[in-house]
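Data block below; observations after.
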Amino acid sequence: MSMGDIKMSNKDSGVAAGQLLLPLTMVSCAVLGLLAFNTVQIVQGHGALKQVISQQDKPLEEAKKIESQLTALALGTKKLADAGNGNAQGIVEAMQKAGITINDKPTGEAGNATQPQSPSVGGVESSAPVAPPSQP
C-alpha cells in the first residue's frame, strides 16, 4: 500500500459519512413521526375508554338497585312462606325447582349483599344473594 491509497481511503470515508447523514435523518424523522402518531392514538383511545366507562355507571347503579329490590322481594317471600302462607310456599318451591335458593343472611363480606350470582344450568343449585330490605 502506498500513501496515496491511505489518503484516498480517508477521503472516501468522509464522503460516505456525508452520504449517510441524509438517510439517517430521514429514518430518524420517520421513527419520530410514528411515535408521535402512536401517542396521539393512545391518548384518543384512553379518552374513548373513559367515556364508555362513565356511560356504564348509571345502568350499573340501576341494575344494582333492581337486584337489591329483587333480593328483598325474595327474602320477604321466604319469610311469608316460613310463616305458613301457601302462595309464598308455592313460589319458594318453584324457585327451588329452578335451582335458586334463598338465604336468610346476605352473602359476601359485611354489608356487601349485592354480590351477583345466578343460578347455574344443569340442575345444580346455587345460592342467590339475599339482602335485607333497605330502609329509607
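Scan the stretch 85-100 and report the pairs whose first residue is open to solvent by 60 Å² or more (accessible area, probe 1.4 Å) and whose second residue is assigned to a helix (DSSP H, G or I) and modelled with pLDDT of 90 or more, with Cβ atoms within less than 6 Å and a gap of 6+ or a chain change.
Sorted first by the residue in the stretch 85-100, then by its partner, the pairs are 89/81; 91/77.
If you check residue 91 against the conditions, is it β-branched (Val, Ile, Thr) and at pLDDT 90 or above? Talk me through it step by step, then tell me what you get.
Details: β-branched (Val, Ile, Thr): yes; at pLDDT 90 or above: yes.
Taking the combined requirement at face value, the residue satisfies it.
Being basic (Lys, Arg) and in a helix (DSSP H, G or I) is the filter here; which residues of the stretch 62-106 pass it? So that I can check it myself, show each step before the final result.
Initially, the stretch 62-106 is screened for residues basic (Lys, Arg), giving 64-65, 78-79, 97, 105.
64, 65, 78, 79, 97 - these are the residues of the stretch 62-106 that are basic (Lys, Arg) and in a helix (DSSP H, G or I).
Regarding the stretch 110-122, can at least one residue be identified that is of a type in the set (Val, Ile, Thr) and either open to solvent by 40 Å² or more (accessible area, probe 1.4 Å) or modelled with pLDDT of 90 or more (or both)? Please lay out each step first, then the result.
Taking the stretch 110-122 and keeping what is of a type in the set (Val, Ile, Thr), we get 114, 121.
From what is left, the residues that are either open to solvent by 40 Å² or more (accessible area, probe 1.4 Å) or modelled with pLDDT of 90 or more (or both) are 114, 121.
Yes, the stretch 110-122 contains at least one residue that is of a type in the set (Val, Ile, Thr) and either open to solvent by 40 Å² or more (accessible area, probe 1.4 Å) or modelled with pLDDT of 90 or more (or both).
Can you name every residue in the stretch 67-84 that is under 26 Å from the mean Cα position of the chain (by Cα) and either exposed (fewer than 10 other Cβ atoms within 10 Å of the Cβ) or touching a residue at least 12 places away in the same chain (Cβ under 8 Å) (or both)?
Here is the first cut: in the stretch 67-84, the ones under 26 Å from the mean Cα position of the chain (by Cα) are 67-71.
Those that are under 26 Å from the mean Cα position of the chain (by Cα) and either exposed (fewer than 10 other Cβ atoms within 10 Å of the Cβ) or touching a residue at least 12 places away in the same chain (Cβ under 8 Å) (or both): 67, 68, 71.
The values are calculated or read from the model by the stated rules, or taken from the named source; none is laboratory data. Please read these numbers as outputs of a predicted model, since none were measured by experiment. When we count neighbours, we look across all protein chains shown, and the Cβ atoms used for this are built from the backbone with ideal geometry, even at glycine. Each accessible area value is taken on the protein alone, full model and side chains, heavy atoms only, with ligands, DNA and RNA left out. Shrake-Rupley method; radii C 1.70, N 1.55, O 1.52, S 1.80 Å.
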